[in-house]
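A short worksheet on the structure shown next.
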Amino acid sequence: MLRFLTAGESHGPALTAIVEGMVAGLPVTPDYINSMLAKRQGGYGRGGRMKIEKDEVQFLSGVRGGLTTGSPITMQILNQDWTNWQEIMSAGPAARLDQRVVTRPRPGHADLAGAIKYNHQDIRNVLERSSARETAARVAVGTLARRLLEELGIKLVGFVRRIGPVAAAVDDSQPPEVLAHLAGQSQVLCPDNQAEAAMVKAIDQARESGDSLGGVFEIRAYGLPIGLGSHVQWDRKLDSRLAGAMMSVQAIKGVEIGLGFAAAAIPGSQVHDEILYDPDKGYYRPTNRAGGIEGGISNGEPVVVRAAMKPIPTLYQPLRSVDIKTKEPFLASVERSDVCAVPAACVVGEAVVAWELAVALLEKFGGDSLKELKERVNQWQQWARQV
């Protein structure tokens with residue numbers, strides 16, 4: 001079973017992730033993961049924290065000579081800002097718990113609910129872990145899974161479809177290489193040049209007014225075998241697991257697969273995909289409105305997942321709140337924040353999708369080494385084309 005845990009706080013010494021169940025023999029280097037960590041920190045509209053951190057991963061176990069060993073993999077990302085916070089965030093009894101105390105919950109964050117749930121009088125104990133800083137560890141984990149998918153010929157492409165009021169016009173027939181290239185050239189990961197310019201302008205306007213913007217990003221997975229996931233139990237459905245993984249990312253408030261919500265407004269004849277057969281490639285569909293998943297099972301078409309991100313709730317024109325200690329009304333406190341983090345969320349989205357697909361692959365095909373897994377996948381692909 002492939003699984004992981006992350007640990008660490010926003011202003012703690014480091015973020016740590018432990019991955020268990022990864023096959024042996026998978027080629028992976030820190031530079032490969034660091035490239036995705038750098039991509040997560042980029043994107044127009046990011047805030048001051050990105051100028052402080054330069055995320056780099058260290059393998060502490062489970063990788064030797066550039067290959068996974070089959071043992072648990074420990075990855076660590078140091079927080080460069082730790083030197084300014086070690087007296088306050090120290091785990092020892094000398095920690096300055098009277099410094100930088102937070103008693104004013106910010107609307108839209110986990111602050112108040114978390115403080116009540118865990119009986120904290122200092123909200124910093126909540127915001128340090130609920131911070132989107134945690135997604136750096138998940139990008140490291142998901143990028144490891146992405147490396148596995150690549151070895152099996154599976155390609156992932158993520159791009160931004162909307163920021164605030166500006167929607168991109170995306171040619172859905174473009175091959176993955178073209179989409180990836182166009183998005184990679186954009187400072188907001190948008191493959192539509194005209195929309196990119198309008199998105200940048202919208203972000204600038206939001207910054208000037210002390211506001212923030214959300215948006216929509218899309219993740220596509222090409223080359224998946226038929227049969228990942230299952231219809232037999234609710235928690236084995238691939239679309240359910242992908243949706244849950246996306247919703248676990250900070251600030252994501254909606255997920256759709258394929259046509260998604262648009263399918264509710266049109267007749268079934270315009271929603272469902274006809275099934276055709278070709279002796280060379282087997283069963284296929286001329287359209288992909290289902291987004292590559294039917295009945296909770298991958299059907300061989302590209303998997304298409306879309307997520308809606310709410311605007312960052314930390315505003316430079318803060319909303320009203322109430323001090324949990326005095327119960328007096330205040331304007332919510334401001335921590336370092338972004339005006340728009342949709343491009344960064346897209347990178348995180350790629351990571352969590354990669355992880356869930358890797359889990360589903362190993363559940364179906366098993367194998368303790370990359371060589372064994374490849375053989376099993378190839379045998380299945382040949383059989384599925386002939387059945």
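The values are calculated or read from the model by the stated rules, or taken from the named source; none is laboratory data. Source: prediction; values computed, not measured. No Cβ is skipped: glycine too gets one built from the backbone with ideal geometry, and neighbour counts run over all protein chains shown. Keep in mind that these areas ignore ligands, DNA and RNA; they rest on the heavy atoms of the full protein, side chains included. Shrake-Rupley method; radii C 1.70, N 1.55, O 1.52, S 1.80 Å.
Numbers at a glance
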quantity	calculated
All positions within region 273-300 that are part of a loop (DSSP other than H, G, I, E, B) and closer than 18 Å to L238 by Cβ	D273, R285, N288, R289, A290, G291, G292, G295, G296, N299, G300
Residue in region 36-56 that is over 22 Å from V339 (Cβ atoms), open to solvent by 30 Å² or more (accessible area, probe 1.4 Å) and among the hydrophobic types (A, V, I, L, M, F, W, C) present	no
Looking only at region 117-161, and only at residues there that are touching a helix residue (DSSP H, G or I) at 6+ places or on another chain (Cβ under 7 Å) and in a strand (DSSP E or B), the one that is most open to solvent (accessible area, probe 1.4 Å)	K155
Residue list for region 165-174, filter: at pLDDT 95 or above and not aliphatic (A, V, I, L, M)	P165
In region 303-350, the residues that are open to solvent by 60 Å² or more (accessible area, probe 1.4 Å), outside any loop (DSSP other than H, G, I, E, B) and not hydrophobic (A, V, I, L, M, F, W, C)	R320, P329
Residue tally, condition open to solvent by 20 Å² or more (accessible area, probe 1.4 Å) and within 18 Å of R146 (Cβ to Cβ), over region 1-17	3
First in region 69-85 and of a type in the set (G, A, S) and surrounded by fewer than 19 Cβ atoms within 10 Å (Cβ to Cβ), second anywhere and assigned to a loop (DSSP other than H, G, I, E, B) and at pLDDT below 95, Cβ under 6 Å, 6 or more apart	none
Flag for G114 being touching a residue at least 12 places away in the same chain (Cβ under 8 Å) and open to solvent by less than 40 Å² (accessible area, probe 1.4 Å)	yes
Cβ pairs under 6 Å, 6+ apart, first in region 297-310 and in contact (Cβ under 8 Å) with a residue 60 or more places away in the chain, second among the basic types (K, R) and in a strand (DSSP E or B)	P302/R220; V304/R220; A308/K253; K310/K253
Residues satisfying the stated conditions in region 90-104, i.e. among the small types (G, A, S) and under 18 Å from R129 (Cβ atoms)	S90, A91, A95
